[in-house]
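Right, one structure below, let's go through it.
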Amino acid sequence: ANRVNSQEGILGELREILQGYLTQQSLEVQPDKLNLFLILGVNGVGKTTTIAKLAYYYQQQGVQGIAMSAGDTFRAGAIDQLKIHGERTSCRVVSQQPGADPGAVIYDTIESAQNKGESLILADTAGRMHTKKNLVKELEKVDKVVSRRMGQGIYKKILVIDSTTGQNGLHQAEVFHEAVGVDGLILTKYDSTARGGLLLAISRKLKLPIFFIGRGEGLDHLDAFDTQSYLDDLLSLQ
């Protein structure tokens with residue numbers, strides 16, 4: 001076995017090990033199809049802000065016809081917030097009254113997006129973790145509705161995790177993944193103080209790819225995940 005004596009050598013070895021746990025994947029909007037990204041996560045992780053950032057990100061990529069779906073019908077505040085983000089990004093927002101059936105809201109969004117020839121739906125969902133059983137049941141129902149209605153479209157389930165949550169973040173990921181089968185992650189509130197080693201734990205355990213990292217409040221504060229620069233940060237190699 002190679003004996004590693006220098007600090008650089010040790011960090012290099014560590015980096016190689018950690019790299020094996022992380023999967024970087026880009027989240028593309030497929031042209032000529034309807035794409036729906038169901039945005040999951042517990043309350044407070046920044047789901048609605050992330051939806052606005054995603055809308056802005058894809059607009060910069062030239063994606064036309066982006067709609068937002070207010071599927072978090074439990075919190076009136078979530079619906080209002082999404083409408084504000086819709087205005088900020090010039091995206092159509094489909095919503096119903098607070099307390100409406102989330103599956104119905106998203107179903108309506110899919111139907112109208114198909115009629116209008118739109119290409120991307122960003123759908124919000126509720127995230128009341130303290131009633132895990134209800135949350136899971138609700139999400140399973142929404143997932144069934146979307147799967148059935150999307151037909152030949154592209155449907156992805158994306159989990160938003162707050163980088164400051166520590167071990168609890170892994171638990172959240174397990175609950176959501178078990179409920180609907182998550183396709184990948186977005187890490188929010190990521191800065192140099194919260195380095196988000198949590199991603200390693202989640203990626204290693206659940207083998208989920210990471211799509212984006214959100215850094216600040218601005219619409220453009222969303223970066224496609226890059227394994228190398230993430231590890232630089234984590235191991236402070238910069």
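The values are calculated or read from the model by the stated rules, or taken from the named source; none is laboratory data. In this text, all values refer to a predicted model and were calculated from it rather than measured experimentally. Please note: Cβ atoms are built from the backbone with ideal geometry, for glycine as well, and neighbour counts cover all protein chains shown. In case anyone asks, the SASA skips ligands and DNA or RNA and just uses the protein heavy atoms, side chains included. Shrake-Rupley method; radii C 1.70, N 1.55, O 1.52, S 1.80 Å.
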If a residue must be of a type outside the set (A, V, I, L, M), in contact (Cβ under 8 Å) with a residue 12 or more places away in the chain, open to solvent by less than 100 Å² (accessible area, probe 1.4 Å) and assigned to a helix (DSSP H, G or I), how many such residues does segment 133-154 contain? 4
Determine which member of the set F212, F176 is in a strand (DSSP E or B), buried (at least 17 other Cβ atoms within 10 Å of the Cβ) and in contact with a strand residue (DSSP E or B) (Cβ under 7 Å, 6 or more places away or on another chain). F212
So is V93 at pLDDT 95 or above, over 24 Å from R148 (Cα atoms), open to solvent by 20 Å² or more (accessible area, probe 1.4 Å) and not in a helix (DSSP H, G or I) or not? no
Hey, can you tell me all the residues within segment 145-191 that are farther than 15 Å from G41 by Cα and of a type in the set (F, W, Y)? Y155, Y190
Applying the selection to segment 25-70, what residues are part of a helix (DSSP H, G or I) and among the hydroxyl-bearing types (S, T, Y)? T48, T49, T50, Y56, Y57, Y58
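Quick one: is R204 over 13 Å from the mean Cα position of the chain (by Cα), closer than 17 Å to I51 by Cβ and of a type in the set (D, E, K, R)? Lay out the reasoning, then the answer.
On the way: over 13 Å from the mean Cα position of the chain (by Cα): yes; closer than 17 Å to I51 by Cβ: no; of a type in the set (D, E, K, R): yes.
It is false that R204 is over 13 Å from the mean Cα position of the chain (by Cα), closer than 17 Å to I51 by Cβ and of a type in the set (D, E, K, R).
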At positive phi and open to solvent by less than 30 Å² (accessible area, probe 1.4 Å): is that true of G99 in this structure? no
Can you tell which of G65, G71, G77 is under 20 Å from the mean Cα position of the chain (by Cα), open to solvent by 10 Å² or more (accessible area, probe 1.4 Å) and under 20 Å from T49 (Cβ atoms)? G77
Using beta carbons and a limit of 9 Å, which pairs, at least six apart or on different chains, have the first residue in segment 169-187 and in contact (Cβ under 8 Å) with a residue 40 or more places away in the chain and the second one polar (S, T, N, Q) and assigned to a helix (DSSP H, G or I)? I186/T50
